[in-house]
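Working notes, beginning with the structure itself.
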Amino acid sequence: SKGVNLFGSKFSRQKNLGTRLDYHSKEKSFFFFVAGSGVTVYSLHPGAVRTEIWRNSPLLHKPLLKQLFGMATWLTFKDSKQGAQTTIYCSVAKECASESGNYYSDCQTKEHPNKHIIEDPGFRKKLWEISETITGESWKE
């Protein structure tokens, strides 16, 4: 699997935690890049939303599993309108206009679950360097 080796740990796109750490760390690096520019940046989690993303899953071709999964998602997941609320909130709420770099969930500022990792300056620096290598671009001052 493709991945990035950071501090002896391989963060792979196939490993959910690694992908989330990679994504949110890049966001955090971007937050510092745009600081003072007047641009506001947010990271958010819409929650578990009922969508058709699983429609082609071979596991759900089994009638019983499909029914159980459908019932579980209907009971516990948000519909698409509910899932869009945090994105809309960050886009239009006046109180968000003066904030940048926050993590939102359920239309509220929350502490990111992996904050201890993504705020590590060494991790951010290494990830930024890898991003520059991959893209062939450099944004040095």
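The values are calculated or read from the model by the stated rules, or taken from the named source; none is laboratory data. None of these values were measured; they are calculated from a predicted model. When we count neighbours, we look across all protein chains shown, and the Cβ atoms used for this are built from the backbone with ideal geometry, even at glycine. Surface areas here come from the heavy atoms of the whole protein model, side chains and all, with no ligands, DNA or RNA. Shrake-Rupley method; radii C 1.70, N 1.55, O 1.52, S 1.80 Å.
For segment 42-85, the candidate set comprises residues that are of a type in the set (D, E, K, R) and within 25 Å of THR109 (Cα to Cα); within that set, the residue that is modelled with the lowest pLDDT is ARG50.
Given SER100, SER105, which one is in contact (Cβ under 8 Å) with a residue 60 or more places away in the chain and touching a Gly at 6+ places or on another chain (Cβ under 8 Å)?
Working: SER100 fails: touching a Gly at 6+ places or on another chain (Cβ under 8 Å).
Answer to the check: SER105.
Restricting GLU99, GLU141 to those that are outside any helix (DSSP H, G or I), of a type in the set (Asp, Glu), at pLDDT below 85 and surrounded by 14 or more Cβ atoms within 10 Å (Cβ to Cβ) reduces the list to GLU99.
Going by the structure shown, is PRO63 under 20 Å from the mean Cα position of the chain (by Cα) and without any contact (Cβ under 8 Å) to a residue 60 or more places away in the chain?
Details: under 20 Å from the mean Cα position of the chain (by Cα): no; without any contact (Cβ under 8 Å) to a residue 60 or more places away in the chain: yes.
No, not satisfied.
Going through ILE134, ILE88, ILE130 one at a time, which residue ends up being surrounded by 15 or more Cβ atoms within 10 Å (Cβ to Cβ) and either in a helix (DSSP H, G or I) or at pLDDT 90 or above (or both)?
ILE130
Could you grab me the full set of residues in segment 102-126 that are of a type outside the set (Gly, Ala, Ser), open to solvent by less than 40 Å² (accessible area, probe 1.4 Å) and farther than 30 Å from TRP54 by Cα? Within segment 102-126, PHE123 is the sole residue that qualifies.
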